[in-house]
1. Hey, what did the stretch 32-190 get for relative contact order, percent, Cα under 8 Å, at least 6 apart?
2. Please give me the summed charge of the neighbours of L153: other residues whose Cβ is under 14 Å from its Cβ, Lys and Arg +1, Asp and Glu -1.
3. How much of the accessible area of the stretch 258-330, in percent, comes from carbon and sulfur atoms when a 1.4 Å probe is used?
4. When DSSP assigns beta bridges and you keep just the ones with both residues in the stretch 185-336, what percent turn out antiparallel, to the nearest 5?
5. List the residues whose amide H sits under 5 Å from the amide H of D119, counting only those 5 or more places along or on another chain, with H placed 1.01 Å from N in the peptide plane.
6. Can you tell me which of 100-113, 320-333 comes out highest on packing, and rank the rest after it, using the mean Cβ neighbours within 10 Å?
7. With just the Cα atoms of the stretch 33-160, tell me how far they stretch along each of the three principal axes, in Å, largest first.
8. List the GluC sites (Glu not before Pro) within the stretch 41-108 that fall in a DSSP loop (any state other than H, G, I, E or B) and whose Cβ has at most 13 other Cβ atoms within 10 Å.
Amino acid sequence: MRTKPWPLAGAALSLSALLALAACADDVATETAAAEAETVTFTWDRNTAAEEEEPQLEETTVEVPVDPEKIVVFDMASLDTIGALGGEVAGAPLDFVPEYLQDSLADDAFDAGTLYEADLVEIEAQQPDLIVIGGRSSALYDDLSEIAPTVDLGMRGSFTDTLERNTTFLGEVLGAEDEAAAAVAEIEAGIAEAQQVTAAAGTGLGLMVSGGRLSAMAPAGEDASGRGARGGLIYDTFGVEPVVEDIEAATHGEPVSFEFLLETDPDHLWVVDRDAATSAEGAQAAAQVLDNEIVQQTTAFKEDQVHYLDPTAWYVVFGGIETAQIMIDDVLKIAD
């Protein structure tokens, strides 16, 4: 008996079904791979010790969603960079956001608390996809990480290392890798230009003015992150030659007198008005504090080389793309 052949239509239908199944399997595999690729990994050494204890670092890794819909930010440098890369922030400690970074906030941005204390109830109610902390807010990690993926983008390493790492990471999160790379390159070029200017400018002294008193800022040395990096930035990043080899030893710590300025006689004074940065009530402006007979005898005063740095950029935000450019512009003013 001859075997009856399958109808051509049936064969065609079976082949179509097989192709459809194969295509479906490919789609599932593609969607699965895409889902796995829609996160960015961030790893850092987190200090798990209490405030008064010796630091205990624990490697912490967090998977962060790409293109998060709602971002809450407690770190002002990160708020700066997110806005500069085209993103916006849904929640932040609104009373602490500088005027020049207001455009990084969404129109309906909610108040997430303060730099030291988060409004956990409000944040949880808003269901954010990503929370960014750093510096003053680092201690909030345990509570905030229970609400959403939380990363600490505070200072680690030098100012430029931190800026490059955080900008690159946020560029990946926001899908703005090219913009992030271009921003980093522009900042690095600006810092290099500023270093060329300071290299020919003679000696300098970084000075913090607060409550009518003076504190000399010193190169960071081994303390290359945190407070040390902030105080040493004018030397370590922008290349200013310290007026004395060991400022900390010469001043027996930070506080200095007006006479110290005259004795060391730097060519340039780089001044941060801390009271202006913190909006201290009734505080005397740094320019008034330094306008006295002793300071008037210094080379810096006589040559009109007392430079008042943007206090918000240098003391409060201390990082981020727009802020770094403000710092560069501050230093480049001496070439005008």
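The values are calculated or read from the model by the stated rules, or taken from the named source; none is laboratory data. Here the structure is a predicted model, which means the values were calculated and not measured. Reconstructed Cβ throughout: ideal geometry from the backbone, glycine too, with neighbour counts over all protein chains shown. Heavy atoms of the whole protein, side chains included, go into the accessibility calculation; ligands, DNA and RNA do not. Shrake-Rupley method; radii C 1.70, N 1.55, O 1.52, S 1.80 Å.
1. Details: 269 pairs, mean separation 34.2, N = 159.
The normalised contact order for the stretch 32-190 reaches 22 percent.
2. Numbers: positive: R46, R136, R156, R165; negative: D45, D75, D80, D152, D161, E164, E172.
With Lys, Arg at +1 and Asp, Glu at -1, the neighbours total -3.
3. Here it works out to 42 percent.
4. Numbers: 7 of 18 bridges.
Counting only bridges with both partners in the stretch 185-336, antiparallel ones make up about 40 percent.
5. Here the answer is G113, T114, since their amide H atoms fall under 5 Å of that of D119.
6. Numbers: 100-113: 16.6, 320-333: 20.8.
The most tightly packed comes first, giving 320-333, 100-113.
7. 42, 41, 34
8. On the way: sites: E51, E52, E53, E58, E59, E63, E69, E88, E99; in loops: E51, E52, E53, E69, E88.
Passing sites in the stretch 41-108 are E51, E52, E53, E69.
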